[in-house]
Amino acid sequence: MTSGFKIYYGDDGPPIEGPPEALDTLWIYPYENVMCIAWNDPEKGVADLGRVVIDQWDIYIYTDGLGWHGTNKYQNLMTHLGMHGCGPGGVRSVINGLWIPRSNFDAIIKRAWEDPGFDRKSATDPIREDGSE
């Protein structure tokens, strides 16, 4: 089980990984061609155990206290920056997605969901597990 996050890029190379503290030096990571970001859910709530994978966003943002999230609108990014500021305690990273062929994208997302470095995605709520919700 990894203690941080992994950023998967469209070049199908190995993901870049690290703890959230690594965001202080995220400038060394490529800022575009992001396909998805994966991490273990720190909350471990009843309906959302295990890994989280966010994908299909134009812009990925890491904010202290909120973690990774995505948007497709620059206005949302600007509002977020205005509310939280930049640097420690606020927005620590902004990286961009990129369109690639669907088959390549699907393969990268599958790698993220099957990565053995993260907890298995599961739930303890039987209604959700049997698909009744």
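Observations
Each row is one residue, and each column tells you yes or no for (1) out of contact with any strand residue (DSSP E or B) (no Cβ under 9 Å at 6 or more places or on another chain); (2) more than 16 Å from TRP113 (Cβ to Cβ); (3) of a type in the set (Gly, Ala, Ser); (4) modelled with pLDDT under 85.
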position	(1), (2), (3), (4)
TYR29	no, yes, no, yes
ASP41	no, no, no, yes
ASP48	yes, no, no, yes
ILE100	no, yes, no, no
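- Test for ALA22: is it over 23 Å from LYS121 (Cα atoms), modelled with pLDDT under 85 and aliphatic (A, V, I, L, M): yes
- Checked against (1) modelled with pLDDT of 90 or more; (2) surrounded by 15 or more Cβ atoms within 10 Å (Cβ to Cβ); (3) of a type in the set (A, V, I, L, M, F, W, C), MET78 passes all but condition (2).
- Just one of (1) in contact with a Pro (Cβ under 7 Å, 6 or more places away or on another chain); (2) at pLDDT 90 or above fails for ASN72. It is (1).
- Near pairs, Cβ below 8 angstrom, 6+ apart or cross-chain, from segment 34-61 (more than 22 Å from PRO88 (Cα to Cα)) to any residue that is modelled with pLDDT of 90 or more and of a type in the set (Asp, Glu): MET35/ASP55; CYS36/ASP55; ARG51/ASP115
- Candidates ILE61, ILE108, ILE37, filtered to the one that is over 13 Å from LYS6 (Cβ atoms) and at pLDDT 85 or above: ILE61
The values are calculated or read from the model by the stated rules, or taken from the named source; none is laboratory data. On a predicted model such as this, the values are computed, not experimentally measured, just so you know. Because the Cβ atoms are built from the backbone with ideal geometry, glycine has one as well, and the counts that use them run over all protein chains shown.
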